[in-house]
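The values are calculated or read from the model by the stated rules, or taken from the named source; none is laboratory data. Being a predicted model, the structure only gives us computed values, none of them experimental. Note: ideal-geometry Cβ built from the backbone for every residue, glycine included; neighbour counts use all protein chains shown. We work out accessible area using only protein heavy atoms, side chains counted, and drop any ligands, DNA or RNA first. Shrake-Rupley method; radii C 1.70, N 1.55, O 1.52, S 1.80 Å.
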Amino acid sequence: MPYRINRDYNTIKKILSTGKISCVEFYKKDGSLRKMLGRTGVRKDVKGVGLSYVPQEKNLIGFRDVQAQAHRMINVDTIQTIKAQGIEYEVLN
């Protein structure tokens with residue numbers, strides 16, 4: 001039975017910021033459900049230019065997709081489940 005957590009940016013960021021690989025299930029912009037494996041805080045393949053926006057202001061979390069070997073942004077408002085450090089979380093609205 002998964003732990004139930006509220007949809008709070010700081011809570012979700014803290015769960016994902018362990019440096020370990022996590023699994024996040026969320027809805028993409030086109031409405032399809034996606035399951036992504038990756039982790040936050042990865043600096044590989046970063047060009048050093050920086051973003052033209054602040055991700056937290058748009059409720060986004062930067063995530064390195066280990067299968068696609070690319071950086072992605074996940075919208076906190078669309079996250080359904082998180083599995084991190086062997087613990088499964090269900091995100092409530």
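Observations
- Exposure rule at most 11 other beta-carbon atoms within 10 Å, DSSP loop trypsin sites (Lys or Arg not before Pro): the chain longest free segment: 48-93
- Carbon and sulfur %, accessible surface of the chain computed with the full protein complex present, 1.4 Å: 48
- With kT/(6 pi eta Rh) evaluated at 4 °C and eta = 1.567 mPa s, and Rh the Kirkwood radius from Cα pairs, the range 3-93 diffuses with a coefficient of 96 µm²/s according to Stokes-Einstein.
- Inter-label distance for Ile5 and Ala68, nm, one decimal - labels placed 7 Å from Cα along Cα-to-Cβ: 2.2
- If the chain linking Ser52 and Asn93 were pulled fully straight, counting 0.36 nm for each residue of separation and taking away their Cα-Cα distance, it would gain 11.9 nm.
- Relative contact order for the chain: 39 percent, from Cα pairs under 8 Å spaced at least 6 residues apart, divided by residue count.
- Helical content of the chain, expressed as a calculated mean residue ellipticity at 222 nm, amounts to -2500 deg cm²/dmol (DSSP H runs of 4 or more residues, -39,500 (n - 2.57) each, divided by residue number, nearest 500).
- Mean accessible surface per residue for the chain, computed with a 1.4 Å probe while every protein chain stays in place, in Å²: 68
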